[in-house]
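What follows is a single structure, written as structure tokens, with notes after it.
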Amino acid sequence: MNKGLDMNIRSLILPATLVLCTCALPAIARGPQDGGQFAGQGGQGMGQGIQAPVAVLSAEEADTLLWMREEEKLAHDVYLTLDAQWDLVVLQRIAVSEQRHFDALGGKIERYGLADPVLPGAGVFSDPELQALYEELVASGLESSTQALVVGATIEDLDILDLQQAIDATVQPDLQRTYGHLLEGSKNHLRAFVGELRALGLDYEPQYIDPLFFDAIVGL
């Protein structure tokens, strides 16, 4: 696993720091549901373009790609699990987007001939840290519908940082394009979750990305 991503995930697991600031701010955005059949999906799309000859990935590039694949599954599975409890449209819609992200990375894993780490079944992960993170996030999000929105914002906050690091960790143009597309999607997801919180008179304090970058993303 990429060391930077490892540090990011550890800081989320120990301890959990999901922060709500009670500020009355205007709503920004609202984030259909799918069943999320992950096992064996390769996926096409984001950043694919015309296929160039396949390069050999460095160990760091390969580890990062595999990590991001499972991280996208985590986001999807958390959102659908929390939606089953709270029936929030924003969770349903963003889960569909996470499926596309997941499929795009599956296409890259197939292209580079890597072994896909994804295990069948919702909420099941080959990486023990992601497994622990999934369980922690679900437990937190099941506390209330508001906390489910905070969990969503936290996942996207972390995902944005990890995607930035993934872009910096590769010299492969196709991976940079794919990560870049996913990064823009995660920014949109963050806006949606923050917008839902602001509609409730609450705000989200970023845990991972720079506060000024966060403000630029959400429109402050």
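The values are calculated or read from the model by the stated rules, or taken from the named source; none is laboratory data. Given the structure is predicted, the values throughout are model-derived calculations rather than measurements. With ideal geometry, Cβ positions are generated from the backbone for all residues, glycine too; neighbour counts draw on all protein chains shown.
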In segment 167-182, what residues are within 24 Å of ARG93 (Cβ to Cβ) and crowded, with 20+ Cβ neighbours inside 10 Å? THR178, TYR179, LEU182
Exactly one of PHE125, PHE102 is crowded, with 21+ Cβ neighbours inside 10 Å and assigned to a loop (DSSP other than H, G, I, E, B), and that one is PHE125
Please indicate, with yes or no, whether at least one residue in segment 194-205 is small (Gly, Ala, Ser), under 18 Å from ARG100 (Cα atoms) and buried (at least 16 other Cβ atoms within 10 Å of the Cβ). no
Apart from one, (1) touching a strand residue (DSSP E or B) at 6+ places or on another chain (Cβ under 6 Å); (2) surrounded by fewer than 19 Cβ atoms within 10 Å (Cβ to Cβ) all hold for TYR208; the odd one out is (1)
Please state which one of GLN131, GLN85, GLN147 is polar (S, T, N, Q), closer than 29 Å to ALA199 by Cβ and crowded, with 16+ Cβ neighbours inside 10 Å. GLN147
Checking ALA139 against (1) surrounded by fewer than 17 Cβ atoms within 10 Å (Cβ to Cβ); (2) not in a helix (DSSP H, G or I), which single condition isn't satisfied? (2)
Matching option when the condition is modelled with pLDDT under 95, in a loop (DSSP other than H, G, I, E, B) and in contact with a helix residue (DSSP H, G or I) (Cβ under 9 Å, 6 or more places away or on another chain), among VAL118, VAL54: VAL54
What number of residues in segment 157-202 are over 21 Å from VAL218 (Cβ atoms), not in a helix (DSSP H, G or I) and not hydroxyl-bearing (Ser, Thr, Tyr)? 3
Taking segment 165-220, which residues are of a type in the set (Lys, Arg) and more than 17 Å from the chain's Cα centre (by Cα)? ARG198
What are the residues in segment 179-205 that are touching a Phe, Trp or Tyr at 6+ places or on another chain (Cβ under 6 Å) and either among the hydroxyl-bearing types (Ser, Thr, Tyr) or within 25 Å of ALA104 (Cβ to Cβ) (or both), if any? VAL194
So how many residues does segment 203-214 have that are part of a helix (DSSP H, G or I) and aliphatic (A, V, I, L, M)? 1
Do the conditions hold for GLU156, that is, is it more than 18 Å from GLU60 (Cα to Cα) and surrounded by fewer than 17 Cβ atoms within 10 Å (Cβ to Cβ)? no
Filter pass, THR154 being under 16 Å from LEU74 (Cα atoms) and in a helix (DSSP H, G or I): yes
Would you say THR64 is under 18 Å from THR154 (Cα atoms) and either at pLDDT 95 or above or surrounded by fewer than 14 Cβ atoms within 10 Å (Cβ to Cβ) (or both)? no
